[in-house]
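S.K.: Below are the C-alpha cells for one structure; questions will follow.
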C-alpha cells in the first residue's frame, strides 16, 4: 500500500492547478503592461485544471467525460500553451496542424474506450502526442531565447527545462506502454509506474505554470526598463540611455583604441516654431525629425534625445572623416519630412571623434557641444567639427 495513490495525486494536482490558474488570471489583470501570450497561457492553465479533475474522477463519471474529454483537455492545454509562447514571441501558430491532430486523438481515444477497449493504446496516443508537443514547445523557447527581454530573466530557461522534463516523462511512459504489456494497469491503479507517472506530469504541469508566470514577470520588467530608457515623446533613447551607451563605447575605445564619433544636433530657431505654431506643432517637428534620423543612420548607430530640441548620434567604429560625410547627408535629408502641414526647419550639427585623451564622456560631449555652438554662431544650418582645422565646415546648400 502506497502513501499516495494516483487518484489522490491527480486530484491534488487538479486543485493546485486551479489555484495556479486563478493566480495567472489575477496576474493578467494586474500586470502594469499587457504581456503577449499571457491570456493564452492562462486558458491553458484552466484546461489543465479541468483535465486533471476529469482524469481524477475516473470510474466515478462516464468514460466519455473522464477518458475522452479529460485526455483531450490535457492535450489541448499543451497546444494552447505552445500557442501562448508563440504569441509571446510574435511567431505564427499552425493551428490547423495541431487541431487536426487533436481531433484525430479524441476520436481514437473514444474508439479505444467504447469500441476496442485498450488502456495501453490510449496511453501510447496521449503520452506520444503530449511528448511531441512539449518537445516542440521547448525547442521554440530555445530558438527564441536570444530575444532581448528573455535574456534578462530566468523564465525562458525555467519553462524550457520543465517542458523538456515533461516531454521526457511522456516519452518514457509511451515507450514503456509500447514495449511492455500493461496487464490490468489503469490510470489510477496503485502501481509504482503509475504513481511515478501521474506524480511526475502533475508536478511538471504545475512548474510550467510557474514558468509562464516568470516569463511574464521577465517581460514586464524588461519593458519597464526599456521605457525608462526611452524618450516619451519621440520614442528614441533618452539621455540616461545615451550616457550608458557612451560609457560602453568609451571603455571599448580605451581597451582597444577603437575609433568612434558622435554628432550633436539641434533644430534651428526651435523657440520661434513653438511661439508661432504652438507646442503641439513643435512636438510634431521633433517626432518627424527623429523618424527621418532613424532612417538615415545605420542599424548599429545610436540616436538619443539629449534634451529639448537637442539630439545625439553615436557612430561606432567611425573616424571623423566618415562621420562628417554621414553628417553632411543627414544635414540635407533629415529636414525633408513627409508631413507637409509642418513648417520648414533646418538643423545645425557638431561632430567630434573620440580621442585617447578623452578620459570621460563629458570631455567628448563638451567638444561636440562646442562644435555645435560654433555652427550656431556661424549662421546655423551647417556642420562644425572638433578635431579638424576650424576652416573645415559644411553648410547646407
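The values are calculated or read from the model by the stated rules, or taken from the named source; none is laboratory data. Just so it is clear, the structure is predicted and the values come from calculations on it, not from any experiment. With ideal geometry, Cβ positions are generated from the backbone for all residues, glycine too; neighbour counts draw on all protein chains shown.
S.K.: Given the conditions (1) surrounded by fewer than 17 Cβ atoms within 10 Å (Cβ to Cβ); (2) modelled with pLDDT of 90 or more, report the number of the one that residue 212 does not fulfil.
M.R.: Condition (1) is where residue 212 drops out.
S.K.: Which number in (1) surrounded by fewer than 18 Cβ atoms within 10 Å (Cβ to Cβ); (2) assigned to a loop (DSSP other than H, G, I, E, B) marks the one condition that residue 335 misses?
M.R.: Among (1) surrounded by fewer than 18 Cβ atoms within 10 Å (Cβ to Cβ); (2) assigned to a loop (DSSP other than H, G, I, E, B), residue 335 violates only (1).
S.K.: Let me ask something additional. Among the candidates 357, 385, 394, which residue alone is over 16 Å from residue 315 (Cα atoms), surrounded by 15 or more Cβ atoms within 10 Å (Cβ to Cβ), touching a helix residue (DSSP H, G or I) at 6+ places or on another chain (Cβ under 9 Å) and at pLDDT below 95?
M.R.: Numbers: 357 fails: surrounded by 15 or more Cβ atoms within 10 Å (Cβ to Cβ); 385 fails: over 16 Å from residue 315 (Cα atoms).
Testing whether each residue is over 16 Å from residue 315 (Cα atoms), surrounded by 15 or more Cβ atoms within 10 Å (Cβ to Cβ), touching a helix residue (DSSP H, G or I) at 6+ places or on another chain (Cβ under 9 Å) and at pLDDT below 95 leaves just 394.
S.K.: With touching a helix residue (DSSP H, G or I) at 6+ places or on another chain (Cβ under 9 Å) and outside any helix (DSSP H, G or I) as the only criterion, which of 153, 70, 167 stands out?
M.R.: 153
S.K.: Given the structure, is residue 80 touching a residue at least 24 places away in the same chain (Cβ under 8 Å) and part of a helix (DSSP H, G or I)? Please lay out each step first, then the result.
M.R.: Numbers: touching a residue at least 24 places away in the same chain (Cβ under 8 Å): yes; part of a helix (DSSP H, G or I): yes.
In short, yes.
Here's the yes/no breakdown for (1) in the same structural domain as residue 318 (by TED's automatic domain parsing); (2) out of contact with any strand residue (DSSP E or B) (no Cβ under 8 Å at 6 or more places or on another chain); (3) exposed (fewer than 13 other Cβ atoms within 10 Å of the Cβ); (4) over 21 Å from residue 369 (Cα atoms):
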site: 246; (1), (2), (3), (4): yes, no, no, no
site: 255; (1), (2), (3), (4): yes, yes, yes, yes
site: 259; (1), (2), (3), (4): yes, no, no, no
site: 262; (1), (2), (3), (4): yes, no, no, no
site: 266; (1), (2), (3), (4): yes, no, no, no
site: 280; (1), (2), (3), (4): yes, yes, yes, yes
site: 284; (1), (2), (3), (4): yes, yes, no, yes
site: 291; (1), (2), (3), (4): yes, yes, no, yes
site: 297; (1), (2), (3), (4): yes, no, no, no
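S.K.: Moving to a separate point now. Can you report the number of residues in the stretch 360-382 which are modelled with pLDDT under 90 and closer than 16 Å to residue 346 by Cα?
M.R.: Within the stretch 360-382, residues that are modelled with pLDDT under 90 and closer than 16 Å to residue 346 by Cα number 0.
S.K.: Of all residues in the stretch 42-71, how many are crowded, with 21+ Cβ neighbours inside 10 Å, closer than 18 Å to residue 198 by Cα and in contact (Cβ under 8 Å) with a residue 24 or more places away in the chain?
M.R.: 11
S.K.: At pLDDT below 75, within 22 Å of residue 210 (Cβ to Cβ) and assigned by TED's automatic domain parsing to the domain that holds residue 80 - does that describe any residue in the stretch 129-146? Explain how you work it out, then say what you get.
M.R.: Of the residues in the stretch 129-146, the ones at pLDDT below 75 are 145-146.
Still in the running and within 22 Å of residue 210 (Cβ to Cβ): 145.
Applying the additional criterion that residues be assigned by TED's automatic domain parsing to the domain that holds residue 80 yields 145.
Looking for residues that are at pLDDT below 75, within 22 Å of residue 210 (Cβ to Cβ) and assigned by TED's automatic domain parsing to the domain that holds residue 80, one finds at least one in the stretch 129-146, hence yes.
S.K.: If you don't mind, there's one more thing I want to ask. Give me the pairs: first residue in the stretch 94-115 and assigned by TED's automatic domain parsing to the domain that holds residue 80 and over 22 Å from residue 81 (Cβ atoms), second residue modelled with pLDDT under 95 and not in a helix (DSSP H, G or I), beta-carbon distance under 9 Å, and six or more apart or on different chains, which are they?
M.R.: Going by the 9 Å Cβ cut-off, the qualifying pairs are 112/118.
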